[in-house]
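These notes are about the structure you will find just below.
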Amino acid sequence: MSNNNLPEIFETFNDARKKGFITMKEEKDKGRNVVGTFCTYTPKEVIYAADAIAVSLCSTNDETIPEAEKYLPKNLCPLIKSSYGFAITDKCPYMYFSDIIVGETTCDGKKKMYELLGEIKDTHVMQLPHSRNEFSIALWQNEIKELIKRLEKKFNVTITEEKLKESIKLCNEERKIIKEFFNLGKLIPSPIKGSDMHEALQASNYKFDRKLYMEEIKKLVDTLKEKHEKGESPFTKNTPRILITGCPTGGLVDKIIKQLEEVGSSVVCFESCVGTKSFEMLVDENKDPIEAIAERYLNIPCSVMSPNDERMDIIKQYIDEYKIDGVVDVTLSACHTYAVESEKVRRTVEGCGKSYLQIETNYSNSDSGQLRTRLEAFVEML
């Protein structure tokens, strides 16, 4: 269970991590409730309507994996092992200070890990349907109602229809602003590096004044548009343009995104998990809020959905809109849904007449050199 004290191992942390812990402690000392989340399927509107903070949980490096492997199989997805490792070592401020964690059954590995996580943290699991039809929508609406009940009981609050509507408006406004930020990648040449775009987006998970964060993104968009108008860019008009698709890319920035840019390409679009597509869809503000939230979240085209033709449609759309030259499909080792779906992605990309590269990797840097060679060859070919 979470508390308001710093963990015993606090003094051993680097400055960035210490800052994360202190920021979270300040929020807790203000009396804020904290909900830890893992996935884009978790409806943040419900968390905001409970007057709580939603934080994305640390699961993007291999630091805590050896500790996790004492309890979890070695051949499990690194994201799942990293998530559990951070929970049992108290090394993630967001996990440590979460009052409750909301998980969802996106994959079998996560689903079973949540059972172990539930022994050390208050964990609520949403049963995500893996297809889209009227029965799935009904089931997912019910899961949202169950989450509402759980948060109401946990925080002794009432989540009213009015509060849900307010949080829907706030989240929609935020999505529109972030979508505008992503749209900068459509400019030729892009006024921002893909690695910097990724960093700005990751930071959004840890800004607790959402309105202030939106203002920051608006200013950043205006500044970058001005730069583009003045002809300032880290790239030229002829720099090959890359779309990244696949698993979450947190933890892979240095060895994939930065290396792609170092070897002469421009990463302009992220169709990957928590990338551009997460901000495309708005919640319908004119419908019953629970029904509207259920529909919006169930339409996320993640590889856990079957069939998942919507993802192929979005890839085609992005190849056209962002003037893509090549697609890099990133799969974390043992992520079976993305690994199997990579065959359909390859056919889709090559069907558009574009080059395709599939990479399977994990959070260690042991394959960085080998990846650089492959990325270099791919960009040269473009």
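The values are calculated or read from the model by the stated rules, or taken from the named source; none is laboratory data. A quick note: this is a predicted structure, and the numbers were derived from the prediction, not measured. Quick reminder, even Gly has a Cβ in these numbers, built from the backbone with ideal geometry, and neighbours come from all protein chains shown. The area values use the complete protein model at the heavy-atom level, side chains included, leaving out ligands, DNA and RNA. Shrake-Rupley method; radii C 1.70, N 1.55, O 1.52, S 1.80 Å.
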Selection count where residues are assigned to a loop (DSSP other than H, G, I, E, B) and open to solvent by 10 Å² or more (accessible area, probe 1.4 Å), scope region 178-190: 3
Given (1) open to solvent by 40 Å² or more (accessible area, probe 1.4 Å); (2) at pLDDT 95 or above; (3) part of a loop (DSSP other than H, G, I, E, B); (4) farther than 29 Å from I47 by Cβ, index of the condition I324 fails: (1)
Tally, over region 303-338, of residues that are hydrophobic (A, V, I, L, M, F, W, C) and under 18 Å from the mean Cα position of the chain (by Cα): 8
Pair list, Cβ under 7 Å, 6 or more apart: region 261-277 residue open to solvent by 10 Å² or more (accessible area, probe 1.4 Å), other residue among the basic types (K, R) and outside any helix (DSSP H, G or I): E261/K193
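How about region 127-139: which of its residues are of a type in the set (A, V, I, L, M, F, W, C) and either touching a Gly at 6+ places or on another chain (Cβ under 7 Å) or in a loop (DSSP other than H, G, I, E, B) (or both)? Outline the logic, then answer.
Start the filter on region 127-139 by keeping residues that are of a type in the set (A, V, I, L, M, F, W, C), which leaves 128, 135, 137-139.
Within region 127-139, just L128 meets the criteria.
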Residue pairs meeting the criteria (Cβ under 6 Å; at least 6 apart or on separate chains; first part of a helix (DSSP H, G or I), in region 140-157; second among the polar types (S, T, N, Q) and buried (at least 20 other Cβ atoms within 10 Å of the Cβ)): F155/N33
Single condition E26 does not satisfy, out of (1) of a type outside the set (G, A, S); (2) part of a helix (DSSP H, G or I); (3) in contact (Cβ under 8 Å) with a residue 24 or more places away in the chain: (3)
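So, in region 44-81, of the ones that are under 30 Å from N172 (Cα atoms), under 20 Å from the mean Cα position of the chain (by Cα) and in a loop (DSSP other than H, G, I, E, B), which residue ends up modelled with the highest pLDDT? Let's see the steps before the verdict.
We begin by selecting, within region 44-81, every residue under 30 Å from N172 (Cα atoms); these are 44-60, 79-80.
Now narrow it down to the ones that are under 20 Å from the mean Cα position of the chain (by Cα): 44-48, 52-60, 79-80.
Filter again for in a loop (DSSP other than H, G, I, E, B), leaving 57-60.
Details: L57: 89, C58: 71, S59: 80, T60: 84.
Checked region 44-81; the qualifying residue modelled with the highest pLDDT is L57.
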Residue under evaluation L371, criteria (1) over 22 Å from the mean Cα position of the chain (by Cα); (2) without any contact (Cβ under 8 Å) to a residue 40 or more places away in the chain, criterion not met: (2)
Exclusive hit being free of Cβ contacts under 8 Å to residues at least 12 places away in the same chain, under 28 Å from P301 (Cα atoms) and in contact with a helix residue (DSSP H, G or I) (Cβ under 9 Å, 6 or more places away or on another chain), set D108, D62: D108
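Pick out the one residue from A292, A334 that is part of a loop (DSSP other than H, G, I, E, B) and buried (at least 19 other Cβ atoms within 10 Å of the Cβ). First the steps, then the outcome.
On the way: A292 fails: part of a loop (DSSP other than H, G, I, E, B).
Every option except A334 fails the conditions.
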Region 197-247, residues that are open to solvent by 30 Å² or more (accessible area, probe 1.4 Å), touching a residue at least 60 places away in the same chain (Cβ under 8 Å) and among the hydroxyl-bearing types (S, T, Y): Y206
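Specify the residue that is nearest to the chain's Cα centre (by Cα); the eligible residues are those in region 247-258 that are in a helix (DSSP H, G or I) and within 15 Å of D196 (Cβ to Cβ). Let's see the steps before the verdict.
Looking only at region 247-258, we keep the residues that are in a helix (DSSP H, G or I), and these are 253-258.
Okay, now just the ones that are also within 15 Å of D196 (Cβ to Cβ), so 253-254, 256-258.
Working: V253: 13, D254: 17, I256: 16, I257: 15, K258: 18 Å.
By that ranking, first place goes to V253.
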Condition broken by T123, with the remaining ones in (1) modelled with pLDDT of 95 or more; (2) open to solvent by 50 Å² or more (accessible area, probe 1.4 Å); (3) on the phi < 0 side of the Ramachandran plot satisfied: (2)
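Return a yes/no flag: does region 299-312 have any residue that is touching a helix residue (DSSP H, G or I) at 6+ places or on another chain (Cβ under 6 Å), among the hydrophobic types (A, V, I, L, M, F, W, C) and open to solvent by less than 10 Å² (accessible area, probe 1.4 Å). Let's see the steps before the verdict.
Let us first name the residues in region 299-312 that are touching a helix residue (DSSP H, G or I) at 6+ places or on another chain (Cβ under 6 Å), namely 301, 303-304, 312.
Okay, now just the ones that are also among the hydrophobic types (A, V, I, L, M, F, W, C), so 304, 312.
Add one more test, that the residue is open to solvent by less than 10 Å² (accessible area, probe 1.4 Å), and what stays is none.
No, region 299-312 has no match at all.
So which of A54, A68, A87, A49 is open to solvent by less than 40 Å² (accessible area, probe 1.4 Å), among the aliphatic types (A, V, I, L, M), out of contact with any strand residue (DSSP E or B) (no Cβ under 7 Å at 6 or more places or on another chain) and within 26 Å of D209 (Cβ to Cβ)? Quick ask: steps written out before the conclusion?
Values: A54 fails: out of contact with any strand residue (DSSP E or B) (no Cβ under 7 Å at 6 or more places or on another chain); A68 fails: within 26 Å of D209 (Cβ to Cβ); A87 fails: within 26 Å of D209 (Cβ to Cβ).
Within the list A54, A68, A87, A49, the selection yields A49.
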